[in-house]
Amino acid sequence: MHAQEVDNNRLTIKSKPQAVYLHIPFCTNKCFYCDFNSYVLKNQPVMDYLVALDREMELTVAANPPGQIKSIFVGGGTPTVLKPNEMEFFLKSVKKHFPDWAEDMEFSMEANPGTTDLEKLSVMRAGGVNRVSFGVQAFQNELLSDIGRIHDTDDVYQSLENARKAGFDNMSIDLMFGLPNQTVEMLNESITKALALDLPHYSIYSLKVEENTLFHTMFKKNQLPLPHEDDELQMYLLLMERMKQAGYEQYEISNFAKPGKYSRHNMTYWLNEDYYGLGAGAHGYMDHQRHMNIKGVNPYIQATREGLPRLESFPIPRDEAMEDFMMVGLRVMQGVSRAHFKEQFELSMDDVFAKPLNKMLAAGLLEETETGYRLSDKGVLFGNEVFGEFIGYLTVK
């Protein structure tokens, strides 16, 4: 148990983070649905950025020393647009500042098919990366070009073959459903092709039309031919059934894995645990303090010369932290744990959230477990309604 103090609705837990998120903001091009902090690679000061990231790591661990690292996740952008020499510099930098790795540490990197040749993957593997997550999205070339992806299905197979040759056996792919012009049959075909790869892990997300994207502009002009919501529901039911039949466990609303192959890093987020967030626009969460870094590449580089590149940093009030705990924790199929809640907040989950818990139990969207609460089968389909019951429940009153 950590030393804890409660003061003016603030909970301070002094702990050493064991998870690291690193952001590489460069892409070959911007996908039509993407609102991530990413920039087209051409003419970008990539090496200056990696030096700045090294500096942020140095300053961060000096101020908040890490515990033994259990997971590292490199996201973007597309981290695999780095050239082999840039990749090698970056990975050495990570190892230098976070040297104490757990024996079973998970080191994941996002990759785009078409940006991963054998040389680069070999550099990644030699630098400690042991899990690669490929953004595949669909197995129809027409759909891929319609959403702004630069790869085709041949690139997917070639990238996976290269990864295996480089020594990777822990791989994941992302698929999407609810895409413009996508049918239930198209998704079924994508799932069939994905399952034929026999990978340990699959993430399958529904499209969300986010502001500041090309798709949002098209949507506002009524030019985005999205599937009907009934079809989208059929897609979700289909993918859950197909994955279950193939022996994959749905351990989170959008994630499926073979036993023991959960994404350890994402579980850090869903269990509301501390993690470092490093790089332009990255978010971090430590000691019930959230921070967000400066977004732009050059402003980020400049800021690291003067100190930590923070855009903002603020304490999370205990009430808000408790709401977050419920919302992210209920995404996981095992649900939320009373003991884990009590350890973080020194309060009873049943007392704090009696009203929304009882309401969702009565609606059949939650069910009680031996250790706490989880979404029912029906609740999985209406997760946003359940999460909405906890948003602002304590902070709005």
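Only a single item in (1) closer than 24 Å to Leu53 by Cβ; (2) open to solvent by 60 Å² or more (accessible area, probe 1.4 Å); (3) of a type in the set (A, V, I, L, M, F, W, C) is not met by Phe168, and it is number (2).
In the set Val396, Val297, only one residue is open to solvent by 40 Å² or more (accessible area, probe 1.4 Å), more than 27 Å from Ser254 (Cα to Cα) and hydrophobic (A, V, I, L, M, F, W, C); that residue is Val396. Across segment 123-146, the number of residues qualifying as among the hydroxyl-bearing types (Ser, Thr, Tyr) and closer than 27 Å to Phe90 by Cα comes to 1. You will find that of Glu367, Glu323, Glu385, the residue that is acidic (Asp, Glu) and either open to solvent by less than 50 Å² (accessible area, probe 1.4 Å) or under 23 Å from Arg290 (Cα atoms) (or both) is Glu323 and no other. Listed by position, the helices (runs of 4 or more DSSP H) contained in segment 152-242 that have at least 1 residues being modelled with pLDDT under 90 and either touching an Asp or Glu at 6+ places or on another chain (Cβ under 8 Å) or under 22 Å from Ser263 (Cα atoms) (or both) are 214-220. Within segment 78-117, the set of residues being open to solvent by 20 Å² or more (accessible area, probe 1.4 Å), free of Cβ contacts under 8 Å to residues at least 40 places away in the same chain and touching a Lys or Arg at 6+ places or on another chain (Cβ under 9 Å) comprises Lys83, Pro84, Trp101, Asp104.
Does Glu241 fit the bill of being among the charged types (D, E, K, R) and more than 14 Å from the chain's Cα centre (by Cα)? Criteria met by Glu241. Just one of the listed residues (Tyr251, Tyr262) is outside any loop (DSSP other than H, G, I, E, B), buried (at least 18 other Cβ atoms within 10 Å of the Cβ) and either of a type in the set (S, T, N, Q) or modelled with pLDDT of 90 or more (or both), namely Tyr251. When residues in segment 191-236 are screened for being of a type in the set (A, V, I, L, M, F, W, C), open to solvent by 50 Å² or more (accessible area, probe 1.4 Å) and in contact with a helix residue (DSSP H, G or I) (Cβ under 9 Å, 6 or more places away or on another chain), 2 of them pass. The criterion of being surrounded by 15 or more Cβ atoms within 10 Å (Cβ to Cβ), touching a strand residue (DSSP E or B) at 6+ places or on another chain (Cβ under 6 Å) and under 30 Å from Ala52 (Cβ atoms) does not hold for Ala303. Which of the residues belonging to segment 201-237 are aliphatic (A, V, I, L, M) and within 23 Å of the chain's Cα centre (by Cα)? Listed by number, the residues that qualify are Ile204, Leu207, Val209, Leu214, Leu233, Met235, Leu237.
Within segment 132-143, the set of residues being free of Cβ contacts under 8 Å to residues at least 60 places away in the same chain and out of contact with any helix residue (DSSP H, G or I) (no Cβ under 8 Å at 6 or more places or on another chain) comprises Gly135, Glu142.
Residue count for segment 274-285 satisfying the condition of being open to solvent by less than 20 Å² (accessible area, probe 1.4 Å), at negative phi and in contact with an Asp or Glu (Cβ under 8 Å, 6 or more places away or on another chain): 2.
The helices (runs of 4 or more DSSP H) falling completely within segment 290-397 that include 3 or more residues that are within 23 Å of the chain's Cα centre (by Cα) map to 318-329, 338-345, 377-381, 383-390.
Across segment 67-77, the qualifying residues are those that are assigned to a strand (DSSP E or B) and either crowded, with 24+ Cβ neighbours inside 10 Å or touching a Phe, Trp or Tyr at 6+ places or on another chain (Cβ under 8 Å) (or both), and the one among them that is modelled with the lowest pLDDT is Gly76.
So, Glu106, is that one over 20 Å from the mean Cα position of the chain (by Cα) and either closer than 23 Å to Thr28 by Cβ or not in a loop (DSSP other than H, G, I, E, B) (or both) or not? So Glu106 fails the test. The listed residues are Lys16, Lys42, and the only one of them that is modelled with pLDDT under 90, in contact with a Gly (Cβ under 7 Å, 6 or more places away or on another chain) and open to solvent by 70 Å² or more (accessible area, probe 1.4 Å) turns out to be Lys16.
The values are calculated or read from the model by the stated rules, or taken from the named source; none is laboratory data. Since the model is a prediction, treat every value here as computed from it, not as a measurement. Glycine also receives a Cβ, built like all others from the backbone with ideal geometry; neighbour counts cover every protein chain displayed. SASA here: full protein model, heavy atoms, side chains in, ligands and nucleic acids out. Shrake-Rupley method; radii C 1.70, N 1.55, O 1.52, S 1.80 Å.
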